[in-house]
Amino acid sequence: MTDRITIRRPDDWHLHLRDGAMLAAVAPHSAGFGRAIIMPNLVPPVVTGAQAAAYRNRILAALPDSAALQPQMTLYLTDATEPADVVAAFRNGIIRAVKLYPAGATTNSASGVTDFDRVQPVLEAMAEAGVTLCVHGEVTDPAVDIFDREAVFIDRVLDPLRRRTPGLRVVMEHVTTSDGVAYARSGGDDLAATITTHHLVINRNAILAGGIRPHYYCLPVAKRESHRLALREAATSGEARFFLGTDSAPHADSAKLQPCGCAGCFTAPNTMSILAQVFEDEGALDRLEAFASLNGAAFYRLPPNDDRITLVRRDRPAAYPARIDAGGETVTVFDPGFPLFWHQED
Ligand code: NCD
Ligand code: ZN
């Protein structure tokens, strides 16, 4: 049995680092990734190149000197985004991508897109300049069941959007269904999908069976088991179109443990240990590097990281904190429900 693997340093192509005291608390837990796409859903959101550059500096200040992490900034697409601003921020190296949140779809998405016709000129400019669009793929129509919102988004929004914007590079963020996996596979090399750590581990029973467990609630919400299995098959397939975006999304426990608690799983501290276990269980440890370290970089037309990390399977489970402190609050770390025998060596 393999008990040691060395892979190119992984990247996280979907990460929430927040700001202020929360940023200071959570950023060090992602310091071991090479690059991370930083989500712009702050309050207020990151909408200009200047805001993205300032946020990047705050992130760098929150990281330890030894950190490998190079933040890859994004702009939050709104109805008012100017095509020329996006292209300028991209050409100046300030941003790596633009994030589309349908207004109201998830945490801090109130400023998101309400009218897809209004943003069409931005999408066309992005297609022309080669800027990637990262998409939160859920409809917000209250008439659509929450477990169907990803599949309906693909039919109603994503497929029409891609058809009318040829050449636009799109990442379907955090796919959670077999429909999402199938649609990602239907595209050419301008279409890819990130998959989170937690959606490879939990299905909706984790949230709802035997009592409600707010720490497993995230958006898009975990679906039934058949979808989790489709995600595991996709992630471990080695296919270039699937790569890691943890969507590690920290919230204070005081905000999650509420009658109306917020969405997000905080997986940054134990993601690589969990992934190694998942890939081992699927007999696919030899494909972990493709998923975590190679495919995303290739999609973003970047070289893989130069250096490597080693994961070692030990008899004793890796220790990780159940929760961390953040500015007087606690943030609970995602509990995969199984011991983590894979340890990351530095
Ligand atoms: C994210 C957050 O908290 O910012 N929450 C989540 O459940 N994933 C937003 C998002 O990515 O949808
Ligand atoms: Zn997210």
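Kindly report the accessible area of segment 1-92 per residue (heavy atoms of protein chains, probe 1.4 Å, no ligands, DNA or RNA), in Å².
40
Within a Cβ distance under 11 Å of Gly264, other residues only, what is the Lys/Arg minus Asp/Glu net charge?
+1
Rounded to the nearest percent, how much of the accessible area of segment 185-231 (1.4 Å probe, protein heavy atoms only) is carbon and sulfur?
That share works out to 53 percent.
Averaged per residue, what accessible surface does segment 226-346 expose to a 1.4 Å probe, in Å²?
Accessible area per residue: 42 Å².
Along the positive direction of the dipole of the chain (beta-carbon charges: Lys, Arg +1; Asp, Glu -1; about the Cα centre), which of Leu302, Gln277, Ala62 reaches farthest?
Ala62
Relative contact order of the chain: what whole-number percent is it, with Cα pairs under 8 angstrom and at least 6 residues apart?
RCO, the chain: 19 percent.
So what is the calculated 222 nm ellipticity per residue for the chain, using -39500 (n - 2.57) for each DSSP H run with n of 4 or more, over all residues, to the nearest 500 deg cm²/dmol?
Details: 13 runs with 103 residues, N = 346.
The helix contribution divided over the chain gives -8000 deg cm²/dmol.
Using DSSP, restrict attention to beta bridges with both residues in the chain and report what percent are antiparallel, rounded to the nearest 5.
35
Considering only protein heavy atoms and a 1.4 Å probe, what is the carbon-and-sulfur percentage of the accessible area of segment 1-154?
Its accessible area is 50 percent carbon and sulfur atoms.
Based on the alpha-carbon gyration tensor of segment 40-111 and its eigenvalue square roots a ≥ b ≥ c, which shape applies: rounded if a/c is under 1.5, prolate if not and a/b is larger than b/c, or oblate?
Taking the square roots of the gyration eigenvalues as a ≥ b ≥ c, segment 40-111 is oblate.
Is the shape of the chain best called rounded, prolate or oblate, per the rule: a/c under 1.5 gives rounded, else a/b larger than b/c gives prolate, else oblate, with a ≥ b ≥ c the square roots of the Cα gyration tensor eigenvalues?
rounded
Return the whole-Å distance between the Cα centroid of segment 148-197 and the Cα centroid of segment 15-84.
Between the Cα centres of segment 148-197 and segment 15-84 lies a distance of 24 Å.
Given 0.36 nm per residue, what is the gain on full extension from Asn92 to Arg4 after removing their alpha carbon distance, in nm?
Result for the pair: 27.6 nm of gain on full extension.
Can you pull the Kirkwood radius for segment 69-129, inverse mean 1/r over Cα pairs, to one decimal in Å?
So the Kirkwood estimate lands at 12.0 Å.
So, counting K/R as plus one and D/E as minus one, what does the shell of residues with Cβ under 12 Å around Gly130 add up to?
It works out to a net charge of +2.
The values are calculated or read from the model by the stated rules, or taken from the named source; none is laboratory data. Here the structure is a predicted model, which means the values were calculated and not measured. For neighbour counting, all protein chains shown are included, and Cβ atoms are generated from backbone atoms with ideal geometry for every residue, glycine included. We work out accessible area using only protein heavy atoms, side chains counted, and drop any ligands, DNA or RNA first. Shrake-Rupley method; radii C 1.70, N 1.55, O 1.52, S 1.80 Å.
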